[in-house]
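Engineer: Before we start, here is the structure in question, set down as structure tokens.
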Amino acid sequence: MLLTITLLTMNTLVVAAAVVVMTLSAFPAMASGADFGPDNPFFAPSSLPFQAPPFDKIKDEDYQPAMEAGMAEERKEVQAIADDPTPPTFENSIVAMEKSGQLLRRVRAAFFAVAGANTNPALQKVRSIEAPKLAAHQDAIYLDAKLFQRVATIYKKRDSLKLDPESLRLVKYYYDEFVHAGANLSDSDKTELKKLNEELATLSNAFSTKLLAATKEAAYVTTDQAALAGLSDAQIKAAAEAAKGRKVEGFVLPLQNTTQQPDLVSLSSRVTRQALFANSWERAERGDANDTRDTIARIAQLRAQKGKLLGYPNFAAWKLEDQMAKTPEAALKFMNALVPPATARAASEAQDIQAVIDGKNGGFKLQPWDWDIYAEQVRKAKYDLDEEQVKPYFELDNVLQNGVFFAANQLYGLTFKERKDFPVYAAGMRVFEVFNADGSSLALFYCDYFKRDNKQGGAWMSNYVDQSKLLGTRPVVVNVANFSMPAPGEPALLTSDDVRTMFHEFGHALHGMFANTEYPSLSGTETARDFVEFPSQFNEHWAAYPAVFQHYAKHYKTGAPMPAELVAKIKRAATFNQGYETTELLAAAELDMMWHTLPASAPIQKPDAFETEALQQTHLALSYVPPRYRSSYFSHIWGSGYAAGYYAYLWTQMLDDDAYQWFEDHGGLTRANGDRFRNMVLSRGNTEDLEKLYVAWRGAQPSIEPMLKYRGLAPGSSSK
Ligand SMILES: [Zn+2]
């Protein structure tokens, strides 16, 4: 029994891997197996090495029968555990649950991977039908009274069972999961909860479907090439290709899922910028079938009711109970402390930008759609740094092999060998086998880096196969991103942001690949939200680390290293725009927390008014810094598992900067440091209380000081 989670970057649109529930007996008998036999590629574990998914054999129509059969099989297995006449033991209950549901696990992992990264109408239909059923299935397990009775019995006598620490942690994990899911509720409240969960799963799926369509439709389209002045020839070529792909005339700039759009940094026409920004800002508020406002207002209301039903003042209080922060108050206190330094820095950045505008007799007041292009000019003026100068040094394969892989080699001794013999679901994907320093095989690493119209936005990592000693499985992980596809014949050149994203997702991949635990439920990235972004954000630090940077930042044509003066400029500019970036992130995170601390008694909200009020209340209503996501397209919180959890990105920034400080204090990029971190943190999954695990490795509680220092937000730290 394992709820596979997909890890998103801050700019990711999400796959709704809905988590759901029903009592076993209440679950309607399903005609399972009718379409499911040995011909179905999910019928038996994959015969490929590592049990890698046989993507070449899987057809769209294989998923649904396999998912139905997988749920039926797991229900049967779990029912047998619940009905076992022998007294409950750790082995016959807890371990038995860990071993259950393997078919469902196989099909879910492959399905949500493909439905997120390479979807089509058939898969979308399967998802809309199966998402609520999966939700109900999960409920059926966690709300089963007999099963809970067994878990509770074991939990109560856990100290007398002489279990090893990981097994003890697993007992507590299951007990908490059951209680968290409502196992202690009365029968009528359980029925109510099931209804809420099913409606929530349906709404969440509806939100994702609407948003994908809304984002596609809100692309900026023009037949007037002059409107695109400022874009490079390659970008214009790509816009023309995008138009061709959609069979429209002219040029198309597809939207990324964040509020700000990458092209806003280059477009010289203010009219075009404003139009593109408006398309982004209003994408899901057009009053048409893809308008998400009613859906999110209803989701917020139902979640508040769910929090109350489970005995909490609001949804966030329930959601944070098993997180490192533990309460919304703790998360808010942390965020509120960041607001003054972040907004003060943003205000000073805005002044610099306004000065550039005025210096050119612009005659207008800085607006969000002006920020990126003028900030770039400030950067050029202040640091003389031009992103276009930098890109030729960031060729994708070079960054991957000589940067990302190289850092992992220096720290952990890993080596990588490309494998062309594993099937993939889309052209351009690559597969690497990963080896330990002693030559033993560790894992498979897949990457799917280029943007496609049928791929959710942003970047993420997920597991095709989870590591578990109990199940005898080794990790198979994937990194997905949306890097711009170069025009035919052109090299794939990354932006600095893309480079950081690649290191970020690979940090998640390391967390998954280093997993070395007995039980799948505690393995790898199966940790709290406000911990899971720590290994990934920590890994970003190595992108700029001199020994790593010098190793990959080489010109794609000549192989020449990046000139020293350009490197020096990048370094000086490192904390550039951090006021803006921290503020937009804070605004989104505070919005999320405000939506999810609404009490059940609150009336249904009008999203626009709610948003305005929430931003004012948290002192984040800055006209020139819009939230990174507006409520109506905040996919993390409505379409995925990050509800009341977006603060986790900031929380884990505190952890990652604090951890990097430890490396700095202990000699930086060394095998000794890497191995210690692997052994004490990255391999441990959720086998120990995460705060204790962190403190044991760090030797102290995490501090906010390194975060303020590395981001240039500390009082008195200058932007140089
Ligand atoms: Zn991440």
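The values are calculated or read from the model by the stated rules, or taken from the named source; none is laboratory data. The shown structure was predicted, so the numbers you read here are calculated from the model rather than taken from an experiment. Quick reminder, even Gly has a Cβ in these numbers, built from the backbone with ideal geometry, and neighbours come from all protein chains shown. Areas reflect the complete protein model, heavy atoms only, side chains present, ligands, DNA and RNA absent. Shrake-Rupley method; radii C 1.70, N 1.55, O 1.52, S 1.80 Å.
Engineer: Looking at region 540-562 only, could you name the residues that are open to solvent by less than 10 Å² (accessible area, probe 1.4 Å) and within 14 Å of the ligand (Cβ to nearest atom)?
Structural biologist: none
Engineer: Does Arg630 qualify as being open to solvent by 10 Å² or more (accessible area, probe 1.4 Å), at pLDDT 95 or above and under 30 Å from Phe610 (Cα atoms)?
Structural biologist: On the way: open to solvent by 10 Å² or more (accessible area, probe 1.4 Å): yes; at pLDDT 95 or above: yes; under 30 Å from Phe610 (Cα atoms): yes.
Here the answer is yes, as Arg630 does meet what is asked.
Engineer: Just checking, which of Lys360, Lys391 is surrounded by fewer than 17 Cβ atoms within 10 Å (Cβ to Cβ) and not hydroxyl-bearing (Ser, Thr, Tyr)?
Structural biologist: Values: Lys391 fails: surrounded by fewer than 17 Cβ atoms within 10 Å (Cβ to Cβ).
Result: Lys360 is the single residue among Lys360, Lys391 that is surrounded by fewer than 17 Cβ atoms within 10 Å (Cβ to Cβ) and not hydroxyl-bearing (Ser, Thr, Tyr).
Engineer: Still on this structure, I have one more. What number of residues within region 421-447 satisfy the criterion of being free of Cβ contacts under 8 Å to residues at least 60 places away in the same chain, part of a loop (DSSP other than H, G, I, E, B) and open to solvent by less than 40 Å² (accessible area, probe 1.4 Å)?
Structural biologist: 2
Engineer: If you don't mind, another one. Filter region 160-199 for residues that are among the polar types (S, T, N, Q) and closer than 16 Å to Leu302 by Cβ; which is least open to solvent (accessible area, probe 1.4 Å)?
Structural biologist: So the residue we want is Asn197.
Engineer: State whether the residues of region 377-386 include one that is farther than 21 Å from Gly712 by Cβ and in contact (Cβ under 8 Å) with a residue 24 or more places away in the chain.
Structural biologist: Step one: of region 377-386, the residues farther than 21 Å from Gly712 by Cβ are none.
For region 377-386, residues farther than 21 Å from Gly712 by Cβ and in contact (Cβ under 8 Å) with a residue 24 or more places away in the chain: absent.
Engineer: Only one of Thr191, Thr209, Thr215, Thr153 is free of Cβ contacts under 8 Å to residues at least 60 places away in the same chain, of a type outside the set (D, E, K, R) and not in a loop (DSSP other than H, G, I, E, B). Can you tell me which?
Structural biologist: On the way: Thr209 fails: free of Cβ contacts under 8 Å to residues at least 60 places away in the same chain; Thr215 fails: free of Cβ contacts under 8 Å to residues at least 60 places away in the same chain; Thr153 fails: free of Cβ contacts under 8 Å to residues at least 60 places away in the same chain.
Exactly one of Thr191, Thr209, Thr215, Thr153 is free of Cβ contacts under 8 Å to residues at least 60 places away in the same chain, of a type outside the set (D, E, K, R) and not in a loop (DSSP other than H, G, I, E, B), namely Thr191.
Engineer: Let me ask something else. Name every residue in region 200-210 that is hydroxyl-bearing (Ser, Thr, Tyr) and open to solvent by 50 Å² or more (accessible area, probe 1.4 Å), in order of residue number.
Structural biologist: Looking only at region 200-210, we keep the residues that are hydroxyl-bearing (Ser, Thr, Tyr), and these are 202, 204, 208-209.
Those that are hydroxyl-bearing (Ser, Thr, Tyr) and open to solvent by 50 Å² or more (accessible area, probe 1.4 Å): Thr202, Thr209.
Engineer: Can you name every one of the helices (runs of 4 or more DSSP H) wholly within region 227-315 that holds 2 or more residues which are closer than 21 Å to Pro486 by Cβ?
Structural biologist: Once the helices (runs of 4 or more DSSP H) in region 227-315 are filtered for at least 2 residues that are closer than 21 Å to Pro486 by Cβ, what remains is 233-245.
Engineer: Also, I was wondering about something else. Find all pairs meeting these conditions: Cβ atoms under 7 angstrom apart; at least six residues apart or on different chains; first residue within region 457-485 and of a type in the set (Asp, Glu); second residue buried (at least 24 other Cβ atoms within 10 Å of the Cβ) and not in a strand (DSSP E or B).
Structural biologist: If the second residue must be buried (at least 24 other Cβ atoms within 10 Å of the Cβ) and not in a strand (DSSP E or B), the pairs left are Asp466/Pro475; Asp466/Pro520; Asp466/Ser523; Asp466/Gly524.
For (1) surrounded by 14 or more Cβ atoms within 10 Å (Cβ to Cβ); (2) under 18 Å from Met593 (Cα atoms); (3) of a type outside the set (Ser, Thr, Tyr), each residue gets a yes or a no:
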site	(1), (2), (3)
Lys247	no, no, yes
Pro254	yes, no, yes
Asp263	yes, no, yes
Arg283	yes, no, yes
Arg303	yes, yes, yes
Leu309	yes, no, yes
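Engineer: Provide a single number: the residues in region 361-396 that are part of a loop (DSSP other than H, G, I, E, B) and basic (Lys, Arg). Give the steps one after another, and end with the answer.
Structural biologist: Just the residues of region 361-396 that are part of a loop (DSSP other than H, G, I, E, B), to begin with: 361-367, 384-386, 394.
Filter again for basic (Lys, Arg), leaving 365.
Selection size over region 361-396: 1.
Engineer: If I ask for residues that are in a loop (DSSP other than H, G, I, E, B), within 16 Å of the ligand (Cβ to nearest atom) and of a type in the set (A, V, I, L, M, F, W, C), which ones from region 448-478 would you list? Lay out the reasoning, then the answer.
Structural biologist: Step one: of region 448-478, the residues in a loop (DSSP other than H, G, I, E, B) are 451-459, 466-467, 469-472, 474-475.
Among the residues that remain, those that are also within 16 Å of the ligand (Cβ to nearest atom) are: 456-459.
Ala459 - this is the single residue of region 448-478 that is in a loop (DSSP other than H, G, I, E, B), within 16 Å of the ligand (Cβ to nearest atom) and of a type in the set (A, V, I, L, M, F, W, C).
Engineer: Note down all Cβ pairs under 8 Å where the first residue falls in region 302-322 and is over 14 Å from His180 (Cβ atoms), the second is open to solvent by less than 60 Å² (accessible area, probe 1.4 Å) and aromatic (Phe, Trp, Tyr), and they're at least six residues apart or on different chains.
Structural biologist: Arg303/Phe315; Ala304/Phe315
Engineer: Listed residues Met461, Met429; which is touching a His at 6+ places or on another chain (Cβ under 8 Å) and not small (Gly, Ala, Ser)? Please lay out each step first, then the result.
Structural biologist: Working: Met429 fails: touching a His at 6+ places or on another chain (Cβ under 8 Å).
After applying the criteria, what remains is Met461.
Table: residues versus (1) within 16 Å of the ligand (Cβ to nearest atom); (2) closer than 25 Å to Ile154 by Cβ; (3) part of a helix (DSSP H, G or I); (4) at pLDDT 95 or above.
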{"residue": "Leu3", "(1), (2), (3), (4)": "no, yes, no, no"}
{"residue": "Thr23", "(1), (2), (3), (4)": "no, yes, no, no"}
{"residue": "Phe27", "(1), (2), (3), (4)": "no, yes, no, no"}
{"residue": "Gly37", "(1), (2), (3), (4)": "no, no, no, no"}
{"residue": "Asn40", "(1), (2), (3), (4)": "no, no, no, yes"}
{"residue": "Pro53", "(1), (2), (3), (4)": "no, no, no, yes"}
{"residue": "Ile58", "(1), (2), (3), (4)": "no, no, no, yes"}
{"residue": "Pro65", "(1), (2), (3), (4)": "no, no, yes, yes"}
{"residue": "Lys76", "(1), (2), (3), (4)": "no, yes, yes, yes"}
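This table checks each residue for (1) among the acidic types (Asp, Glu); (2) assigned to a loop (DSSP other than H, G, I, E, B); (3) within 12 Å of the ligand (Cβ to nearest atom); (4) open to solvent by 10 Å² or more (accessible area, probe 1.4 Å).
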residue: Pro491; (1), (2), (3), (4): no, yes, no, yes
residue: Asp498; (1), (2), (3), (4): yes, no, no, yes
residue: Thr501; (1), (2), (3), (4): no, no, yes, yes
residue: Phe506; (1), (2), (3), (4): no, no, yes, no
residue: Ala509; (1), (2), (3), (4): no, no, yes, no
residue: Asn516; (1), (2), (3), (4): no, yes, no, yes
residue: Ser521; (1), (2), (3), (4): no, no, no, no
residue: Thr525; (1), (2), (3), (4): no, yes, yes, no
residue: Val532; (1), (2), (3), (4): no, no, yes, no
